[in-house]
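Beneath this line is the structure, given in structure tokens, with notes to follow.
The values are calculated or read from the model by the stated rules, or taken from the named source; none is laboratory data. All values reported here derive from a predicted model rather than from experimental measurement. Cβ sites come from the backbone with ideal geometry, for glycine too, and all protein chains shown count toward neighbours. In case anyone asks, the SASA skips ligands and DNA or RNA and just uses the protein heavy atoms, side chains included. Shrake-Rupley method; radii C 1.70, N 1.55, O 1.52, S 1.80 Å.
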Amino acid sequence: MQDKATIAVLGGTGKEGGGLALRWAHKGHRVIIGGRSAERAGESAAAMNATLGGGNVSGMANVDAAVAADIVVLAVPYAAQQATVQEVAAGLAGKILIDVTVPLVPPKVSRVHIPEGGSAVEVVQKMLGESVRVVSAFQNISAHHLTKLDEEIECDVLVCADDGAAGDEVVALAQEIGLRAWYAGPLCNSIVAEGLTSVLIALNRRYKVPGAGIRITGV
């Protein structure tokens, strides 16, 4: 993995993507907030720089952000996942794409939804082909915790990838921002991590907590 890679977070104007962007920027990476609107992305970047007291966060339209980055993170709602991938595909060749997408179907977001053909991330890999190393990660981390930079997050990250080396790079990126992460096998296994998010939402609602999580034990 490159030392202090440039990371574009498409959907970084949202809570989950924004939380991940904030943590990587805090660790010294150059971070690009990608959004449908370059103006809104710039506003989010400015707010992060103010929070961090630095200037290593910038904002761009999704297409430009994907081109400018070493590693691209897809953190958009499920309904926008495939359209966003099609939009930025030309800028992804030879790169790692980290897909954070969860196939939630409002309003029943606490019920597991399995996309046709398996996991949501497998669809992305098929769309992009072998020139892009697609990795699934971060679906189960609550945005509520990500923005609290001094807080230990009691939730592990399951990293799934058909390319084991790419999976290891994402494990390292997760560890760098204070998360315990595990390589959990090929992309098809992501169906479990994606479905777990709905289970965690159900737990949050039932027990009135903001961010239930999972832990891997015995390893």
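Within region 127-160, can you find the residues that are assigned to a helix (DSSP H, G or I) and either open to solvent by less than 60 Å² (accessible area, probe 1.4 Å) or within 28 Å of residue 175 (Cα to Cα) (or both)?
Across region 127-160, the qualifying residues are 128, 143, 144, 145, 146.
Would you say residue 28 is in a loop (DSSP other than H, G, I, E, B) and farther than 24 Å from residue 86 by Cα?
Yes, satisfied.
Condition first: assigned to a strand (DSSP E or B), crowded, with 21+ Cβ neighbours inside 10 Å and in contact (Cβ under 8 Å) with a residue 40 or more places away in the chain. Can you find one or more residues in region 80-97 that meet it?
Within region 80-97, one or more residues are assigned to a strand (DSSP E or B), crowded, with 21+ Cβ neighbours inside 10 Å and in contact (Cβ under 8 Å) with a residue 40 or more places away in the chain.
Pull out all pairs, ordered by first then second residue, where Cβ-Cβ is under 6 Å, the residues are six or more apart or on different chains, the first lies in region 180-192 and is closer than 9 Å to residue 158 by Cα, and the second is of a type in the set (S, T, N, Q) and open to solvent by less than 60 Å² (accessible area, probe 1.4 Å).
190/119; 190/136
Residue by residue, here is whether (1) part of a helix (DSSP H, G or I); (2) closer than 30 Å to residue 164 by Cβ; (3) open to solvent by 50 Å² or more (accessible area, probe 1.4 Å) holds:
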{"site": "4", "(1), (2), (3)": "no, yes, yes"}
{"site": "16", "(1), (2), (3)": "yes, yes, no"}
{"site": "34", "(1), (2), (3)": "no, yes, no"}
{"site": "44", "(1), (2), (3)": "yes, no, no"}
{"site": "55", "(1), (2), (3)": "no, no, yes"}
{"site": "64", "(1), (2), (3)": "yes, no, yes"}
{"site": "73", "(1), (2), (3)": "no, yes, no"}
{"site": "106", "(1), (2), (3)": "no, no, yes"}
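Return yes or no: is residue 173 buried (at least 22 other Cβ atoms within 10 Å of the Cβ), out of contact with any Asp or Glu (no Cβ under 8 Å at 6 or more places or on another chain), modelled with pLDDT of 95 or more and in a strand (DSSP E or B)?
no
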